[in-house]
Amino acid sequence: MRLKRKDLLGIEDLSCEELDTIISTAESFKEVSTRDIKKVPTLRGKTVINLFYEPSTRTRTSFEIAAKRMSADAVNISVSTSSVVKGETLKDTAKNLEAMNPDCIVIRHSCAGAPHLLARYLRCSVVNAGDGAHEHPTQALLDMLTVKEKKGTLKGLRIVIVGDIAHSRVARSNIIGFSRFGNEVRVVGPPTMIPPGIEELGCRVFTGMDDAIRDADVIMMLRIQLERQKAPLFPSVREYSRLYGLDTDRLSMAPRDVVILHPGPINRGVEISPEVADGPYSLILDQVTNGVAVRMAVFYLLLGGAREG
Ligand code: CP
C-alpha cells in the first residue's frame, strides 16, 4: 500500500480513498507505540529532516518520534540557530538540505504555500506541518482518527468548530476533511473571525454557540491566533470567553455523548475551561497520541518502498 504521490501538502489534494488509507494505516501503527520496544525496522536507512520556521511542541515532536519508531533517522533544524538568521532564503535552505540526500523534509512555515514551493523544487518528499492560515493536513488526519475511534464512524456526524476560523489552518483542513466524508461541519465564532465565503469549503456558519452545539457529536475548540491578527478582532478576552468559550455550564447544553477536541496549545480559561479541558468529554491527549500514529502512517505511505504511479 503506497500513496500515488511524492508529497503530502493538504487535505484538499487527497481523495476519500487516500484519507481512508492514511487513517487505517495509522490505526494499524498505534500498537507499535504500546510495545516495550517501540520500534519497527520499516524505514531503516531513510532520513527525515524537520524544518520548522514556527514554534511547535506537538507536531515537531511527534514527527520526530514517528520517524524514530519507524527506524528512520530524524534531524531537527532549529531555524533560530540556522543560517536562515544570516539571510538564507527558504529555497536555498531547502536545496542545501536536500544536497545531503534526505528522503523527506517536513516543513512548518508562516507563509501559506511554502511547502508547495519546496515540493516543486525538491526531489525528496515534502510534508506540510502547517503553512500560515492555509492547511495543517496531519492535524486533520489525527483529528479524524480520534473521532473515528470514539464515534465508531467518520460519516453522518455534526462537527462544530469554534473560534478563530479566519486564522486557523486546523479549521480549514478539518472542514475539508470532515465534509468530504459526508459530515455536517458547522463553524461558529465572532463575525470578524469568520472569513467571507468559508461555506464554499463545505461548512455552515452559525452565529450563536448554544445553537451550534445543541445536537453536536463533536465540538472542536480553537485557540485565538493573536500572532496572525493584524488588529484586535474582539472587544475583550472576557467577552470572547463569555460568548465563545466552553465551560461546564455551556457543555451541559450539548448531548451527553459529545466529545471535545482541541489541537493545542490551549489557553485555559479563554476558549476552554480547565474543567472541560481535563474532563471526561475531552479527547485532547488522545489527539496527541494519535498524532504519532498518523505521522508514522504518512512516512510509511510516502517513503516505504517503491512509489506507484
Ligand atoms: N497542534 C499543533 O500544531 O500544535 P503545535 O503547534 O504544538 O505543533
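Quick note: the coordinates plus some simple rules give every number you see, no bench work behind them. Nothing here was measured: the structure is a model prediction, and the numbers come from that model. Cβ coordinates were reconstructed from backbone atoms using ideal geometry, including for glycine residues, and neighbour counts include every protein chain displayed.
A few notes on this one:
- Those helices (runs of 4 or more DSSP H) lying entirely in the stretch 164-251 with at least 1 residues among the acidic types (Asp, Glu): 209-213, 237-244, 248-251
- Residues that are free of Cβ contacts under 8 Å to residues at least 40 places away in the same chain and of a type in the set (Val, Ile, Thr), drawn from the stretch 144-197: Thr153, Ile175, Val185, Val187, Ile194
- Single residue of the stretch 38-48 satisfying the filter (out of contact with any helix residue (DSSP H, G or I) (no Cβ under 8 Å at 6 or more places or on another chain) and free of Cβ contacts under 8 Å to residues at least 40 places away in the same chain) that is surrounded by the most Cβ atoms within 10 Å (Cβ to Cβ): Arg44
- Failed item in (1) under 30 Å from Lys6 (Cβ atoms); (2) under 19 Å from the mean Cα position of the chain (by Cα); (3) more than 16 Å from the ligand (Cβ to nearest atom), with Lys155 passing the rest: (2)
- Of the set (1) surrounded by 17 or more Cβ atoms within 10 Å (Cβ to Cβ); (2) in a loop (DSSP other than H, G, I, E, B), all apply to Pro255 but (1).
- The stretch 130-152, subset among the polar types (S, T, N, Q) and within 16 Å of Leu14 (Cβ to Cβ), residue nearest to the ligand (Cβ to nearest atom): Gln139
- If you check Glu88, Glu31, Glu17, Glu12 for being more than 16 Å from the ligand (Cβ to nearest atom), surrounded by fewer than 16 Cβ atoms within 10 Å (Cβ to Cβ) and closer than 22 Å to Arg169 by Cβ, only one passes: Glu12.
- Among the residues of the stretch 258-309, just one is part of a strand (DSSP E or B) and among the charged types (D, E, K, R), namely Arg268.
- Residues of the stretch 49-76 that turn out to be buried (at least 19 other Cβ atoms within 10 Å of the Cβ), within 16 Å of the ligand (Cβ to nearest atom) and closer than 18 Å to Asn101 by Cβ, as a count: 4
- Sole residue being among the β-branched types (Val, Ile, Thr), within 16 Å of the ligand (Cβ to nearest atom) and crowded, with 17+ Cβ neighbours inside 10 Å, chosen from Val127, Val160: Val127
- Those residues of the stretch 235-269 which are within 16 Å of the ligand (Cβ to nearest atom) and in contact (Cβ under 8 Å) with a residue 24 or more places away in the chain, in sequence order: Ile260, Leu261, His262, Pro263, Gly264, Pro265, Ile266, Asn267
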